[in-house]
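The values are calculated or read from the model by the stated rules, or taken from the named source; none is laboratory data. Worth saying up front: this structure is predicted, and the values here are computed from it rather than measured. Glycine also receives a Cβ, built like all others from the backbone with ideal geometry; neighbour counts cover every protein chain displayed. These area figures cover heavy atoms from the full protein model, side chains too; ligands, DNA and RNA do not enter into them. Shrake-Rupley method; radii C 1.70, N 1.55, O 1.52, S 1.80 Å.
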Amino acid sequence: MDSRIPEVVHHVVEQLSLKMNASVTLTGFKLIGGGCISHASLLETSAGSFFLKWNHSSPSDFFIREAESLRELKKAAPSCLVIPEVILSAGKGTLPGYILLEYLQGTHKGNMDENLGRGVAEIHKATAGSYGFCNNNYCGLTLQDNTWNTGWRHFYSQQRIGALVRKLVS
């Protein structure tokens, strides 16, 4: 095993082989920017290119919750908004937690900013009888209480802003 490549990368390639029911080989690995919380890398494999994030010190369910959130966003997003497909995710155990996503090329095209604005606005038009989510998740490393609530004012003031204020005071 190449000691310059983190053990988690080799594990992810093995899991990708199992998921695809085919032998997948690593052909390239490059650390890339993308955040201050987790490591981020581009994985080049015989099955294509993927974006991998991992973290040794994140909460054990950190990437599981991110995967759930991305899957829900992908369902709700209009076609002008590109949400990466979740390929694999795992909680922290003997290896760090990780999430493997389809790799999206970072190119800026003329109306991308407008599409982003319209896409986010479209997602926010979705309505439901209550506010929350099926599981708690994270904003950065901060746990967010997503307990279902019938009023957006209470949800936002107590479970978002109020929670942050209580965290600051404690």
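For the reader, a short list of remarks on this structure follows.
- The Cα atoms of the range 45-134 give a gyration tensor whose axes a ≥ b ≥ c have a/c of 1.5 or more with a/b no greater than b/c, which makes the shape oblate.
- Rounded if a/c under 1.5, otherwise prolate or oblate - the range 1-78, Cα gyration tensor axes: oblate
- The mean sequence distance of close C-alpha pairs (under 8 Å, at least 6 residues apart), as a share of the length of the chain, puts its relative contact order at 16 percent.
- With a simple spin-label model that places each label point 7 Å from the Cα along the Cα-to-Cβ direction, the separation between His124 and Thr147 comes to 2.7 nm.
- Rounded to the nearest Hz, the phi-derived 3J(HN,Hα) couplings of the range 137-144 under the Karplus curve 6.51 cos²θ - 1.76 cosθ + 1.60 (θ = phi - 60°) are 9, 10, 10, x, 9, 8, 5, 10, where x marks glycine and proline.
- Within the listed set Leu16, Leu116, Leu52, the Gaussian network model of the chain (springs between alpha-carbon atoms below 10 Å) gives the highest mean-square fluctuation for Leu116.
- Values (i) 25.3, 92; (ii) 19.9, 65; (iii) 18.2, 53 are given for comparison; Rg and Dmax of the Cα atoms in Å, derived from the coordinates here, is the one labelled (iii).
- Estimated FRET transfer efficiency (Arg160, Cys80; beta-carbon r; R0 30 Å; 0.05): 0.65
- Positive-end residue of Leu81, Tyr98, His154, charge dipole of the chain with Cβ unit charges: His154
- Whole-number accessible area per residue in Å² for the range 24-170, which is evaluated in the context of all protein chains at 1.4 Å: 62 Å²
- Working note: Karplus 6.51/-1.76/1.60 with θ = phi - 60° gives the range 85-90 the couplings 6, 7, 9, 8, 8, 8 Hz, where Gly and Pro are set to x.
- Rounded percent of accessible protein surface that carbon and sulfur make up, the range 11-170, 1.4 Å probe: 55 percent
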